[in-house]
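Asker: The structure under discussion is supplied below as structure tokens; questions concerning it will follow.
The values are calculated or read from the model by the stated rules, or taken from the named source; none is laboratory data. Every value quoted in this text rests on a predicted model; they were computed, and no experiment measured them. Every residue, glycine as well, gets a Cβ built from its backbone with ideal geometry; the counts of neighbours run over all protein chains shown. We work out accessible area using only protein heavy atoms, side chains counted, and drop any ligands, DNA or RNA first. Shrake-Rupley method; radii C 1.70, N 1.55, O 1.52, S 1.80 Å.
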Amino acid sequence: MKYFPNLLIGLSVVLGSCAAPALRMVDRPIVFDEERRRLSLDYMAQRHNIQQSEPFIRPRMIVLHWTAIPTLEGSFRAFERPTLAGARPDLMTAGPLNVSVPFLVDRDGTVYRLMPDTLFARHCIGLNHCAIGVENVGSGRMTRAQVRANAQLVRLLKERYAIDYLIGHYEYRDFIGHPLWKETDPNYLTVKTDPGRPFMRKVRKRVKDLGLKGSPKDE
Ligand SMILES: [Zn+2]
């Protein structure tokens, strides 16, 4: 499978220091087959008005989420298949591509890499074409381990890509009208509260030195 050149390595450990436990990252690929590739290209064209031959993104932003599903297994299953399950009729009107993200963080802070981080993933209306998504297992109260892992992941991604923005999903509508916003239907909008303001505050505090921007409304 050409999109997963290094997923077979299995387990990788990155970013250690004396002060904080190392980030534990485990490859656990979702299905990214020809159907998902085609649906991703369709979504890019229809929703973002972007025509490409391969579904790659140019990361400028990281969007943090919670899954609202209490377990790792349940969360993984929600992203695994290429098409949306019947339980998401609200999203189905905008296309059958299932939601996903490259990174899923369990309650213990272990990061599961579901797909390469520059492949297109549907997780944030208007911004998928430039945003790397990070999902966290659970809802409401996130764990300290998740705060730490998200901050470490943000740091790692900022080293790798030209990331300017770090936002919580609940802030995405603040980008309507922003140069990065691309959505062909102005009425396709949802209301989000994830991953909660306290979580964003804690993660941002840990990566303050990176100088990442948040919502344009806070500028
Ligand atoms: Zn979300």
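Asker: Placing unit charges on C-beta atoms (Lys and Arg positive, Asp and Glu negative, everything else neutral), compute the dipole magnitude of the range 13-218 about its Cα centre in debye, rounded to 20.
Answerer: That gives the range 13-218 a dipole magnitude of about 820 debye.
Asker: Follow-up. Just 115, 61, 92 to compare: in a GNM of the chain, with alpha carbon springs under 10 Å, which one fluctuates most?
Answerer: Taking springs between Cα atoms under 10 Å, the residue moving most is 92.
Asker: A further question on this structure: What accessible surface, in Å², does a 1.4 Å probe find on residue 158, ignoring ligands, DNA and RNA and rounding to the nearest 10?
Answerer: Result for residue 158: roughly 70 Å² accessible.
Asker: Report the gain in length on full extension from residue 209 to residue 184: 0.36 nm times residue separation, minus Cα-Cα distance, nm rounded to one decimal.
Answerer: Between residue 209 and residue 184, full extension yields an extra 5.5 nm.
Asker: Can you give me the C-alpha center-to-center distance between the range 107-176 and the range 35-62, rounded to a whole angstrom?
Answerer: Using only Cα atoms to place each centre, the spacing works out to 18 Å.
Asker: Leaving out same-chain residues fewer than 8 places away, which lysines sit with a Cα under 25 Å from that of residue 182?
Answerer: Partners within reach: 158, 192, 213, 217.
Asker: Okay, moving on. Could you compute the net charge surrounding residue 213? Neighbours are other residues with a C-beta less than 13 Å from the C-beta of residue 213; K and R count +1, D and E count -1.
Answerer: Around residue 213, the surrounding residues sum to 0.
Asker: Keeping every protein chain present and rolling a 1.4 Å probe, give me the accessible area per residue for the chain in Å².
Answerer: Result: 47 Å² per residue.
Asker: Report, please, the projected area of the chain averaged over directions, based on the convex hull of its C-alpha atoms, in nm².
Answerer: Spelled out: convex hull of the Cα atoms, projected over all directions, averaged, 11.5 nm².
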